[in-house]
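Read-outs throughout are calculated quantities, based only on the coordinates presented, and are distinct from any laboratory measurement. Keep in mind the model is a prediction, meaning the values are calculated, not measured. Cβ placement follows ideal geometry from the backbone for every residue including glycine, while neighbour counts extend to all protein chains displayed.
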Amino acid sequence: MAALFPPWSNRALRIALVVVGILAVSALCFPMVYVRTPFVTNEHVALDQPVAFDHRHHVLDEGIACLYCHTDAERSAYAGLPSTDVCMGCHSQVWNQSPLLEPVRQSYFSGRALAWNRVHSLAEFVYFDHSVHVARGVACEHCHGPVETMARVEKTVPLDMDFCLDCHRNPKEKLGFDAQRDFSAMRTEDGRFPAHTGHAVTELTTCSTCHR
Ligand code: HEC
Ligand code: HEC
Ligand code: HEC
Ligand code: HEC
Ligand code: HEC
């Protein structure tokens, strides 16, 4: 009796099984890799803004400090954006005829705030506080890159969980704290970190530190 399947069908089956196996593993791994790529974390995307505000002119050329405009970064959870009054403090005198500044003048005289588009934005379920980091000497640049060289602000790091934990797991390596400012020195007697926001933080890597 003739064989039901020709001899090569054994090999065909084995190859087919290997291909299915590879596809199954890739189907699982692809999304895990993909969500960590800059496509998903929105790195290096410059947004259009209501005014062509350029950090290079203001920070490099004019030497204005970050905190002059992002005043709250030192004392609150939010760095905040400057109000139109801050811009007009200079632009009622300098470049006060510039067409590029027309939206700023309109905002000033109408009292309607400029609607800047957000570049950095964490998911709702993550708690972040600027003042805590700024007070411990984490530079703006560590999380935002060299903003003073950007015509339009873009995200330069993923700002995902890995990024945060990378430092929280080993702050000494990232920040080079000296012994006085080492974490152990910051612990209270019961071994906790001081709670800046009334929320007890036992370890900087505990889930509830960032997910409250
Ligand atoms: C401390 C003073 C100061 C403040 C505050 C300031 N600017 Fe300026 N701005 C300048 C100077 C000076 C220039 C010209 C810089 C140059 O060309 O190098 C300028 C240039 C500009 C220009 C380009 C104008 C043109 O015609 O080329 C825009 C747009 C602008 N500023 C927007 C803003 C906005 C928006 C704010 C508020 C968020 C602001 N500036 C706050 C001093 C200031
Ligand atoms: C003259 C005022 C001014 C100064 C000085 C200034 N900024 Fe800004 N910054 C702005 C304005 C206005 C925006 C909103 C428009 C934009 O995104 O470009 C902004 C946006 C940003 C953003 C993006 C915010 C978001 O939507 O996520 C970051 C980050 C930032 N600034 C960091 C810095 C740093 C770091 C410095 C100092 C090196 C600095 N800024 C100096 C006015 C200023
Ligand atoms: C440890 C990381 C880190 C450091 C250091 C840091 N930022 Fe941020 N910044 C963030 C994150 C994360 C967001 C988004 C926050 C959110 O979505 O709630 C943000 C948002 C912002 C925004 C948008 C407005 C806001 O308040 O959400 C501005 C402006 C800004 N940062 C400026 C600064 C400046 C200026 C400094 C230095 C004085 C600084 N940041 C230091 C991580 C950091
Ligand atoms: C370069 C280092 C560094 C990076 C990056 C960093 N942190 Fe921190 N973070 C610290 C240090 C240092 C402290 C401790 C401050 C203290 O105890 O005084 C801290 C404390 C905290 C706290 C506890 C503060 C409180 O108010 O209870 C939270 C929440 C936090 N970080 C969230 C984040 C998030 C979210 C990110 C990522 C977007 C991040 N951190 C990135 C260094 C970092
Ligand atoms: C230092 C701060 C920090 C700590 C500690 C932390 N997370 Fe996160 N987590 C984040 C940030 C930042 C994101 C990304 C949010 C975003 O995409 O905007 C995130 C995202 C997540 C997500 C959504 C999936 C993802 O990867 O984006 C889950 C689930 C999660 N965290 C669980 C946990 C668990 C469980 C723990 C404790 C083992 C933990 N986190 C500890 C900061 C933290």
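None of Arg118, Arg152 is within 10 Å of ligand 2 (Cβ to nearest atom), exposed (fewer than 12 other Cβ atoms within 10 Å of the Cβ) and of a type in the set (D, E, K, R) except Arg118.
Can you pull out the residues in the range 139-148 that are within 10 Å of ligand 4 (Cβ to nearest atom) and under 12 Å from the mean Cα position of the chain (by Cα)? Write out each step before concluding.
Residues of the range 139-148 within 10 Å of ligand 4 (Cβ to nearest atom): 139, 142-143.
Of everything in the range 139-148, those that are within 10 Å of ligand 4 (Cβ to nearest atom) and under 12 Å from the mean Cα position of the chain (by Cα) turn out to be His142, Cys143.
Inspection of the range 104-114 identifies at least one residue that is surrounded by 13 or more Cβ atoms within 10 Å (Cβ to Cβ), touching a helix residue (DSSP H, G or I) at 6+ places or on another chain (Cβ under 6 Å) and closer than 30 Å to Val132 by Cα. When you look at Ala77, is it within 16 Å of ligand 5 (Cβ to nearest atom), surrounded by 13 or more Cβ atoms within 10 Å (Cβ to Cβ), within 21 Å of His144 (Cα to Cα) and touching a residue at least 24 places away in the same chain (Cβ under 8 Å), yes or no? Considered against the rule, which asks whether it is within 16 Å of ligand 5 (Cβ to nearest atom), surrounded by 13 or more Cβ atoms within 10 Å (Cβ to Cβ), within 21 Å of His144 (Cα to Cα) and touching a residue at least 24 places away in the same chain (Cβ under 8 Å), Ala77 comes out as yes. In the range 141-149 there is no residue that is of a type outside the set (Phe, Trp, Tyr), within 16 Å of ligand 5 (Cβ to nearest atom) and touching a residue at least 60 places away in the same chain (Cβ under 8 Å). Name the one entry in Val18, Val25, Val45, Val59 that is touching a residue at least 12 places away in the same chain (Cβ under 8 Å) and farther than 20 Å from Ser121 by Cα. Among Val18, Val25, Val45, Val59, only Val59 is touching a residue at least 12 places away in the same chain (Cβ under 8 Å) and farther than 20 Å from Ser121 by Cα. Whether any residue in the range 69-90 is outside any loop (DSSP other than H, G, I, E, B), among the aliphatic types (A, V, I, L, M) and either within 30 Å of Met161 (Cβ to Cβ) or more than 13 Å from ligand 1 (Cβ to nearest atom) (or both) is what I want to check. Within the range 69-90 (the criterion being outside any loop (DSSP other than H, G, I, E, B), among the aliphatic types (A, V, I, L, M) and either within 30 Å of Met161 (Cβ to Cβ) or more than 13 Å from ligand 1 (Cβ to nearest atom) (or both)), the answer is yes, since at least one residue qualifies.
Taking (1) touching a Phe, Trp or Tyr at 6+ places or on another chain (Cβ under 6 Å); (2) within 15 Å of ligand 3 (Cβ to nearest atom); (3) of a type in the set (A, V, I, L, M, F, W, C) in turn, Leu67 satisfies each apart from (1). Considered as a group, the residues in the range 72-90 that are within 16 Å of ligand 4 (Cβ to nearest atom) and hydrophobic (A, V, I, L, M, F, W, C) include one that is nearest to Val153 (Cα to Cα), and that residue is Ala79. Filtering the range 36-69 to residues that are within 16 Å of ligand 4 (Cβ to nearest atom) and crowded, with 16+ Cβ neighbours inside 10 Å leaves only Thr41.
Name the single residue, out of those in the range 91-138 being of a type in the set (Asp, Glu) and part of a loop (DSSP other than H, G, I, E, B), that is nearest to ligand 4 (Cβ to nearest atom). Result: Asp129.
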